[in-house]
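Inspection log for the structure reproduced underneath, given as structure tokens.
Bear in mind these aren't lab numbers, they're just calculated from the coordinates by the rules spelled out. Not measured: the values here are computed from a predicted model. Please note: Cβ atoms are built from the backbone with ideal geometry, for glycine as well, and neighbour counts cover all protein chains shown.
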């Protein structure tokens with residue numbers, strides 16, 4: 001049975017896959033270009049991806065009932081290779097948390113303070129917000145990469161599904177869509 005939990009576990013796996021597609025394109029750029037001002041909301045590719053990691057960590061903490069203060073104005077991972085590894089770890093940690101969560105967790109709300117104001121939000125809405133935010137920032141970075149003459153990252157969700165279904169078919173595993 002397809003459930004909210006199954007949906008978000010698949011989306012978490014997709015986040016990791018899409019990050020890898022973007023990293024493959026970024027690996028063709030020089031680090032000084034990745035660190036340079038590219039007119040992004042967080043100035044550079046590096047800072048935008050650092051922001052992406054921080055957003056994931058903040059929301060992951062909120063989902064666990066924890067509070068995490070975040071300073072989005074500074075780069076927390078100055079080494080770009082380490083930042084990519086941290087993004088990989090965070091994507092898999094969130095996926096693991098989602099896999100371990102009971103199905104009923106997705107029918108609850110979380111309470112947090114954001115912008116100085118207390119807020120309540122459904123877990124499924126928080127996750128939808130997080131995953132669409134990831135896609136938004138990856139899209140911004142991908143657009144800059146192509147503007148710089150780099151390859152376009154193929155991060156299409158349906159391509160991900162086709163690739164995963166092929167892998168599952170090759171191993172004799174049932175499709176995750178079932």
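If R0 is 30 Å, the Cβ-Cβ spacing of residue 136 and residue 71 corresponds to a FRET efficiency of close to 0.90. If R0 equals 41 Å, the separation of the Cβ atoms of residue 81 and residue 125 corresponds to a calculated FRET efficiency of about 0.75. Rg/Rh, computed from the Cα trace of region 47-119 with Rh as the Kirkwood radius, has the value 1.01. Residue-normalised convex hull volume from the C-alpha trace of region 4-171: 119 Å³ per residue. When every Cα-Cα distance of region 98-178 is counted in 10 angstrom steps from zero, the calculated P(r) takes the values 14, 26, 32, 22, 5, 0 percent. Measuring from a point 7 Å past the Cα of residue 152 along Cα-to-C-beta, which residues in region 19-42 have an amide N at less than 15 Å? What the label zone holds, given the 15 Å backbone N cut-off, is 22, 25.
Hey, can you rank 43-50, 103-110, 120-127 by average C-beta count inside 10 Å, highest first?
Highest to lowest by the protection proxy: 43-50, 120-127, 103-110.
Distance between the pseudo-spin-label points of residue 143 and residue 161 (7 Å out from Cα toward the beta carbon): 2.5 nm. Taking only C-alpha pairs under 8 Å that are 6+ residues apart, what is the relative contact order of region 4-171 in percent? Relative contact order here is 34 percent. Could you please state, rounded to a whole Å, how far the C-alpha centre of region 126-149 is from the C-alpha centre of region 64-97? A separation of 16 Å, based on Cα centres.
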